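Participant: Take this structure first; my questions come after.
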Amino acid sequence: MSSSQPKDLRLPTPGCYADPIKAGIDADAVFDGMTEHLFFSLGKLATTASLRDLYMALSYAVRDRLMTRYLASQEAIRAKPQKTVAYLSAEFLIGPQLNNNLLNLGITKEAEEAVGRFGIESLSHILEVEEEPGLGNGGLGRLAACYMESLASLQVPAIGYGIRYEFGIFNQLIRDGWQVEVTDKWLKGGWPWELPQPDESCFVGFGGRTESYVDEKGKYRSRWIPSEHAIGVPHDIPILGYRVNNCDRLRLWRADATESFDFYAFNIGDYYGAVEEKVASETISKVLYPNDGTDEGRRLRLKQQHFFVSCSLQDMLRSLEKRGIEVEDFSEHWTVQLNDTHPAIAVAELMRLLIDHYHFEWEKAWHITTSSVAYTNHTLLPEALEKWDLDLFSSLLPRHLDLIYEINKRFLQQVRLRYPGNDLILRKLSIIDEDGCKAVRMAHLATIGAHHVNGVAALHSDLIKRQLMPEFAELWPEKFTNITNGVTPRRWVGLANPELSSLLDKEVGKDWITNMELLKKLEQKENDSGFLELFSKTKLSGKRKLAGYIHRQTGVLVDPSSLFDVQVKRIHQYKRQHLNALQVIAQYLRIKNGVDQDIAPRTVIFGGKAAPGYFMAKLMIRFINGIADVVNADPDMDGRLRVVFLPDYNVKLGEQVYSATDLSEQISTAGKEASGTGNMKFAMNGALTIGTLDGANIEIRDRVGSENFFLFGKTESEIVELRENQYDPKTYISNCKELSEALRLVEVGHFSNGDSELFLPLINSLTGSDPFFVMADFADYLRAQDEVNKVWKNPQKWNRMALLNTARSGFFSSDRSIKEYCKSIWKVKPLDVEISCDIN
Ligand SMILES: *Cc1c(COP(=O)(O)O)cnc(C)c1O
């Protein structure tokens, strides 16, 4: 599967599929391609073209250069049928595409030269223009994007199936310290990376009823008579692997209204009624929901899930038929991965399609389903475990509910055999939650229907077995496994950190980007002060760029030579941005009181969105901004402390931030962060981590060495123990003077212009039940931060530790994760894509 030998990207006979203007990869050809697109696709002259025009022209020219590989990859799987990965995810946070495609094609320099001829000083000005499709909330969606890139780079045939939301995650503004949400109109002005494929549209039903009938062979059957339909129109985004011919696809479904229904209404004269139904169908793919665990828009969310899952499964079945493959052999040609429970309805939908449409017997259909589907669990937080109210579910998906009852009946029969007379275990394992309001438990459906269930880091997978589903794990021990997350080094080092990348190219050779284990060679340089100096210069250069960005965005001037201490991720109580914020107040007080004159100058940077309905998270943003206002305006803090909240954290901004960080804050309550992936991006880029023993932090520390990691905080089992023994945050507050003084300052309104009410809910939560044990971990966190200060004052030591983080983080490449999925869950192999003349 290794693809360490980059292939020659020049077509064997250029002009065979397309003329050089569409396929050539030298600067002349890219320039000519841009010129042609400016004229013919955009209707512009080179002399009057705007930056946006040039961005579009370059994007089209690059897209042209993907097409041969894109089509050849689809042809290869037709010519030589083998298993394809179908990665089902409600979110794909893919980030900007132009820079990634240039890198993977290997034509960044050529593009730089081509845009130069249009009078553009730097390619970065063009890259700036790209709107990123915010089709995800955070980590889970970004993971799906990293996995698609690794699949293509490892030459594995794959399709990512999801939803083409018209509005992605909201854009975040900060006004008077508060988060303000603005709709994300990423499609305005056209987005050049998608190819609509209306000929491959699918019908999806909702609502209505089921009925029994006798078929032509005299067999009793059921069928679903939906009351409503929508059409899914696929929009394909090419995902090119790094320096290979393989170009996989993201296939995102847009919901359209069905013509036939409108037609009827038109005929009876109900024009506006018809338009209303059209609007209703089209709202299905209108907006991405923030993962706030609230009940808002529940019905529409379930609709979205069934919509994209049904389209995707129909698409897979249709592709078998097109290729003359028996549906019976589905699992030899498709392996269906469920990214969390959002697509878990796939278990029932595949059963429905196989039984109702293809007339399979139950056992056969169940065998096909369970040998195709696998499920990744992403969270243990109870509010994030999806449950659908039975009434809602049956009104929207009545046939699926019948099938789920049958799946459940047969499953519980198995449980009864194993645990005779144990009714408690039946209630615990049933797909239907009978406690309180009856509901469908999607994690149970996914677990029962999947051949593998995996967690996303060692601790998390262990907690799934020990805490979340111990009975399932006892029933099927071989089903449960771990695959620790990873991130793609192409985007997160190659694109995000060009200067470090060149240094690595020179030092260990260019292959590190597809074989991160090669970075181990850097260990030999740990005492080479000349090299450490070069290494730290790449960091300083990233920090200078970020400092410029911070100044432009927030007006705050920060010193690039100060310690850049960064916490960027969704804002959530379990991620504990408030722990970090309180620590900043303690440092502020030390400086104010002249306690520690020798304190290391720091720039504390926060970034992240809060779900619009999550009051406490929004208050945390206001809290950070309140602290920033006071600190940054105080002359005593000059040259010592700066606090910045970077608005609108997304992939594009992440590329600037991860590479410009000295200290990575990974401070979640132990047991709460399933894995984290930001932690990996930071470590690869040579940031040191201050963190708890949570998620993948544990594995990062194991690999980079405990001496190169600032550990603090209670362990998962200590947290459990505290919770079980009437945890009282007040004892921790009274035992830590710096903590009680920091809290006191907040209470009196020091960070809210004297308003002592504003942050009261936050203070009350921390001093009352403190559900995330912020108070319990504070003192140890402060101790670890002091350790950070001490090491920072010894640059040689700091740089050595940072280098060893980069050298030893190869394990966290998503290439490693994907190889594990391929081997132990999917059983898929790479496929060589030959570029030959026959495909056009
Ligand atoms: C990596 C990433 C995340 C996930 O960050 P965590 O620290 O793992 O929560 C969220 N958002 C964006 C834009 C990312 O790139």
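So that you can scan it fast, the table gives a plain yes or no per residue for (1) of a type in the set (Phe, Trp, Tyr); (2) near the ligand (Cβ under 8 Å from one of its atoms); (3) at pLDDT 95 or above; (4) open to solvent by 20 Å² or more (accessible area, probe 1.4 Å):
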{"site": "Asp638", "(1), (2), (3), (4)": "no, no, yes, yes"}
{"site": "Tyr649", "(1), (2), (3), (4)": "yes, yes, yes, yes"}
{"site": "Thr677", "(1), (2), (3), (4)": "no, yes, yes, no"}
{"site": "Gly691", "(1), (2), (3), (4)": "no, no, yes, no"}
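Participant: Mind listing whichever residues of the range 72-88 are open to solvent by less than 10 Å² (accessible area, probe 1.4 Å) and either in contact with an Asp or Glu (Cβ under 8 Å, 6 or more places away or on another chain) or aliphatic (A, V, I, L, M) (or both)?
Facilitator: Correct list: Ala72, Val85, Ala86, Leu88.
Participant: Return the pairs, sorted by first residue and then second, in which the second residue is among the aromatic types (Phe, Trp, Tyr) and open to solvent by 20 Å² or more (accessible area, probe 1.4 Å), the first residue lies in the range 475-494 and is under 30 Å from Lys652 (Cα atoms), the beta carbons are less than 6 Å apart, and the residues are 6+ apart or on different chains.
Facilitator: These pairs meet every condition: Arg490/Tyr242.
Participant: I've got another one for you. For the range 543-572, enumerate the residues that are within 16 Å of the ligand (Cβ to nearest atom), open to solvent by less than 30 Å² (accessible area, probe 1.4 Å) and assigned to a helix (DSSP H, G or I).
Facilitator: Listed by number, the list holds a single entry, Leu546.
Participant: Between a residue in the range 330-342 that is under 19 Å from Ile818 (Cα atoms) and any residue that is open to solvent by 20 Å² or more (accessible area, probe 1.4 Å) and hydrophobic (A, V, I, L, M, F, W, C), which pairs come within a Cβ distance under 7 Å, given they are 6 or more apart or on different chains?
Facilitator: What qualifies is His333/Ile325; Asn339/Leu140; Asp340/Leu140.
Participant: Something else about it: Test of understanding: among Leu463, Leu500, Leu504, which residue is in contact with a Lys or Arg (Cβ under 8 Å, 6 or more places away or on another chain), assigned to a helix (DSSP H, G or I) and either in contact (Cβ under 8 Å) with a residue 12 or more places away in the chain or open to solvent by less than 40 Å² (accessible area, probe 1.4 Å) (or both)? Give the steps one after another, and end with the answer.
Facilitator: Numbers: Leu463 fails: in contact with a Lys or Arg (Cβ under 8 Å, 6 or more places away or on another chain); Leu504 fails: in contact with a Lys or Arg (Cβ under 8 Å, 6 or more places away or on another chain).
Just one listed residue meets the conditions, Leu500.
Participant: Out of (1) without any contact (Cβ under 8 Å) to a residue 60 or more places away in the chain; (2) surrounded by 18 or more Cβ atoms within 10 Å (Cβ to Cβ); (3) charged (D, E, K, R), what's the single condition that is false for Asp815?
Facilitator: Going through (1) without any contact (Cβ under 8 Å) to a residue 60 or more places away in the chain; (2) surrounded by 18 or more Cβ atoms within 10 Å (Cβ to Cβ); (3) charged (D, E, K, R) one by one, Asp815 breaks only (1).
Participant: Considering each residue of the range 42-86, count those that are under 25 Å from Gln337 (Cα atoms) and modelled with pLDDT of 95 or more, and give that number.
Facilitator: Of the residues in that region, 5 qualify.
Participant: For the range 371-393, which positions are buried (at least 19 other Cβ atoms within 10 Å of the Cβ) and in a helix (DSSP H, G or I)?
Facilitator: Ser372, Phe393
Participant: Right, something else. Report the residue count in the range 609-629 for those that are among the hydroxyl-bearing types (Ser, Thr, Tyr) and within 15 Å of Asn753 (Cβ to Cβ). Walk me through it before giving the result.
Facilitator: Taking the range 609-629 and keeping what is among the hydroxyl-bearing types (Ser, Thr, Tyr), we get 614.
Then drop every residue that is not within 15 Å of Asn753 (Cβ to Cβ), which leaves none.
Total satisfying the criteria: 0.
Okay, residues lined up against (1) assigned by TED's automatic domain parsing to the domain that holds Glu707; (2) at pLDDT 95 or above; (3) in contact with a Phe, Trp or Tyr (Cβ under 6 Å, 6 or more places away or on another chain):
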| site | (1), (2), (3) |
| --- | --- |
| Lys510 | no, yes, no |
| Phe535 | yes, yes, no |
| Leu540 | yes, yes, no |
| Lys543 | yes, yes, yes |
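Participant: Please give the number of the condition Arg223 fails out of (1) of a type outside the set (S, T, N, Q); (2) in contact with a Leu (Cβ under 9 Å, 6 or more places away or on another chain); (3) open to solvent by 10 Å² or more (accessible area, probe 1.4 Å).
Facilitator: Unmet condition: (2).
Participant: Identify all residues within the range 594-618 that are farther than 26 Å from Gln656 by Cα and crowded, with 20+ Cβ neighbours inside 10 Å; write none if there are none.
Facilitator: Tyr614 - this is the single residue of the range 594-618 that is farther than 26 Å from Gln656 by Cα and crowded, with 20+ Cβ neighbours inside 10 Å.
Participant: Also, I was wondering about something else. Which numbered condition in (1) under 30 Å from Ile77 (Cβ atoms); (2) out of contact with any His (no Cβ under 7 Å at 6 or more places or on another chain) is the only one that Ile825 fails?
Facilitator: Here Ile825 clears every test but (2).
Listed here are the residues, each with its yes/no results for (1) more than 18 Å from Asp236 (Cα to Cα); (2) more than 15 Å from the ligand (Cβ to nearest atom).
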| site | (1), (2) |
| --- | --- |
| Tyr87 | no, yes |
| Ala90 | no, yes |
| Ile94 | no, no |
| Asn100 | no, no |
| Gly116 | yes, yes |
| His125 | yes, yes |
| Gly138 | yes, no |
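Participant: Please find, within the range 91-132, the residue that is most open to solvent (accessible area, probe 1.4 Å) out of those that are more than 20 Å from Gly654 (Cα to Cα) and assigned to a loop (DSSP other than H, G, I, E, B).
Facilitator: Once the filter is applied, the top-ranked residue is Glu121.
Participant: Another question, then. Being away from the ligand (no atom under 16 Å from the Cβ), out of contact with any strand residue (DSSP E or B) (no Cβ under 8 Å at 6 or more places or on another chain) and not assigned by TED's automatic domain parsing to the domain that holds Thr48, is that true of even one residue in the range 142-154?
Facilitator: Within the range 142-154, one or more residues are away from the ligand (no atom under 16 Å from the Cβ), out of contact with any strand residue (DSSP E or B) (no Cβ under 8 Å at 6 or more places or on another chain) and not assigned by TED's automatic domain parsing to the domain that holds Thr48.
Participant: Still on this structure: I'd like the full set of residues that are at pLDDT below 95, within 15 Å of Asn246 (Cα to Cα) and among the hydrophobic types (A, V, I, L, M, F, W, C), limited to the range 799-840.
Facilitator: Correct list: Val833, Ile835, Ile839.
Participant: Can you find even one residue in the range 583-593 that is outside any loop (DSSP other than H, G, I, E, B), open to solvent by 40 Å² or more (accessible area, probe 1.4 Å) and in contact (Cβ under 8 Å) with a residue 24 or more places away in the chain?
Facilitator: Yes, because at least one residue in the range 583-593 is outside any loop (DSSP other than H, G, I, E, B), open to solvent by 40 Å² or more (accessible area, probe 1.4 Å) and in contact (Cβ under 8 Å) with a residue 24 or more places away in the chain.
Participant: Would you point out the residue of the range 651-672, among those that are open to solvent by less than 10 Å² (accessible area, probe 1.4 Å) and among the charged types (D, E, K, R), that is farthest from the chain's Cα centre (by Cα)?
Facilitator: Filtering the range 651-672 for residues that are open to solvent by less than 10 Å² (accessible area, probe 1.4 Å) and among the charged types (D, E, K, R), the one farthest from the chain's Cα centre (by Cα) comes out as Asp662.
Yes or no, residue by residue, for (1) β-branched (Val, Ile, Thr); (2) assigned by TED's automatic domain parsing to the domain that holds Leu300; (3) within 22 Å of Leu354 (Cβ to Cβ):
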| position | (1), (2), (3) |
| --- | --- |
| Asp391 | no, yes, no |
| Ser394 | no, yes, yes |
| Pro398 | no, yes, yes |
| Ile404 | yes, yes, yes |
| Phe411 | no, yes, yes |
| Leu417 | no, yes, no |
| Asp423 | no, yes, no |
| Glu434 | no, yes, no |
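Participant: Mind listing whichever residues of the range 133-144 are open to solvent by less than 10 Å² (accessible area, probe 1.4 Å), under 16 Å from Gly486 (Cβ atoms) and aliphatic (A, V, I, L, M)?
Facilitator: Passing the criteria: Leu143, Ala144.
Participant: Another one. So is Glu200 within 16 Å of the ligand (Cβ to nearest atom) and either of a type in the set (Asp, Glu) or farther than 17 Å from Asn100 by Cα (or both) or not?
Facilitator: no
Participant: So if I check each of Gly686, Gly671, which one is closer than 30 Å to Leu557 by Cβ, in contact with a helix residue (DSSP H, G or I) (Cβ under 6 Å, 6 or more places away or on another chain) and assigned to a loop (DSSP other than H, G, I, E, B)?
Facilitator: Gly686
Participant: Could you grab the pairs with beta carbons closer than 7 Å, sequence gap of 6+ or different chains, first residue in the range 415-430 and within 16 Å of Ala443 (Cβ to Cβ), second one at pLDDT 95 or above and polar (S, T, N, Q)?
Facilitator: Note: pairs meeting the criteria are Ser430/Asn408.
Participant: Still on this structure, I have one more. Among the residues of the range 10-18, are any at pLDDT below 50, under 30 Å from Glu517 (Cβ atoms) and of a type in the set (S, T, N, Q)?
Facilitator: No, there is no match, as no residue in the range 10-18 is at pLDDT below 50, under 30 Å from Glu517 (Cβ atoms) and of a type in the set (S, T, N, Q).
The values are calculated or read from the model by the stated rules, or taken from the named source; none is laboratory data. As the structure is a computational prediction, the values presented were derived from the model and not from experiment. Every residue, glycine among them, receives a Cβ derived from its backbone with ideal geometry; neighbour counts consider all protein chains shown. Please note that ligands, DNA and RNA were not included when accessible areas were found on the heavy atoms of the full protein model with its side chains. Shrake-Rupley method; radii C 1.70, N 1.55, O 1.52, S 1.80 Å.
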